[in-house]
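The values are calculated or read from the model by the stated rules, or taken from the named source; none is laboratory data. Predicted, not measured: the structure shown is a model, and the values here were computed from it. Every residue, glycine as well, gets a Cβ built from its backbone with ideal geometry; the counts of neighbours run over all protein chains shown. Remember, those area values only see protein heavy atoms, side chains included, never the ligands or the DNA or RNA. Shrake-Rupley method; radii C 1.70, N 1.55, O 1.52, S 1.80 Å.
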Amino acid sequence: MHAAKGTPPAAAAHEVPALRKRRKPAPALAAPEQSGRLLVRLAPHHTALFRFLLEAYDHTAYFTVLEPKTALLKIVFSPHLERETRTALAEMARSLPFSVEEWPFSRPPQVRKKTLS
């Protein structure tokens, strides 16, 4: 018996398509000691649009509102993603008026707890 014209042979019908090779994951980065932070000032009515635009950059950073009436926001990001965060903010500034300021507060020194001997 012959297969109908245009029908692939039985061996070809069960072939697995070629899969692309899996990429090796990038080596893990060292855990940062603290998060990077910036301040953003914008008009209060632009806060929702700012959130929408920031979320479009896939978890590069997040923010919290420090002063709702004046729309002072604290941007928090991994120090490993500082360049990407600043780039995202610069691109967002083309669509929305806001200013970016450096985080003015340094982290207080670590206080070691005394252990009981």
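Restricted to the range 58-68, and to residues that are within 12 Å of the chain's Cα centre (by Cα) and open to solvent by 70 Å² or more (accessible area, probe 1.4 Å), which residue is farthest from P79 (Cα to Cα)? Show your work before the answer.
Filtering the range 58-68 for residues within 12 Å of the chain's Cα centre (by Cα) gives 58-63.
With open to solvent by 70 Å² or more (accessible area, probe 1.4 Å) added as a condition, the list becomes 58-59, 62.
Working: D58: 16, H59: 13, Y62: 13 Å.
Filtering the range 58-68 for residues that are within 12 Å of the chain's Cα centre (by Cα) and open to solvent by 70 Å² or more (accessible area, probe 1.4 Å), the one farthest from P79 (Cα to Cα) comes out as D58.
Do we find that L81 is modelled with pLDDT of 95 or more and touching a strand residue (DSSP E or B) at 6+ places or on another chain (Cβ under 9 Å) in this structure? Please lay out each step first, then the result.
Working: modelled with pLDDT of 95 or more: no; touching a strand residue (DSSP E or B) at 6+ places or on another chain (Cβ under 9 Å): yes.
It is false that L81 is modelled with pLDDT of 95 or more and touching a strand residue (DSSP E or B) at 6+ places or on another chain (Cβ under 9 Å).
Look through the range 25-40, keep the residues that are under 21 Å from T87 (Cα atoms) and part of a loop (DSSP other than H, G, I, E, B), and return whichever of them is most open to solvent (accessible area, probe 1.4 Å).
Quick first cut of the range 25-40, residues under 21 Å from T87 (Cα atoms) only: 29, 32, 34-40.
Applying the additional criterion that residues be part of a loop (DSSP other than H, G, I, E, B) yields 29, 32, 34-35.
Working: L29: 121, P32: 65, Q34: 79, S35: 56 Å².
The extreme case among them is L29.
For the subset of the range 73-97 comprising residues that are assigned to a helix (DSSP H, G or I) and either open to solvent by less than 10 Å² (accessible area, probe 1.4 Å) or among the acidic types (D, E) (or both), which member is nearest to H46 (Cα to Cα)? Spell out how you get there, then give the answer.
Going residue by residue through the range 73-97, those that are assigned to a helix (DSSP H, G or I) are 79-92.
Next, only the ones that are either open to solvent by less than 10 Å² (accessible area, probe 1.4 Å) or among the acidic types (D, E) (or both) stay: 82, 84-85, 88-89, 91-92.
Details: E82: 23, E84: 22, T85: 19, A88: 17, L89: 14, E91: 16, M92: 12 Å.
Only one residue tops the list, namely M92.
Among the residues that make up the range 41-52, is at least one of them assigned to a helix (DSSP H, G or I), on the phi < 0 side of the Ramachandran plot and under 14 Å from the mean Cα position of the chain (by Cα)?
Here is the first cut: in the range 41-52, the ones assigned to a helix (DSSP H, G or I) are 44-52.
Retained after the next criterion (residues that are on the phi < 0 side of the Ramachandran plot): 44-52.
From what's left, under 14 Å from the mean Cα position of the chain (by Cα): 51-52.
The answer is yes; a qualifying residue exists.
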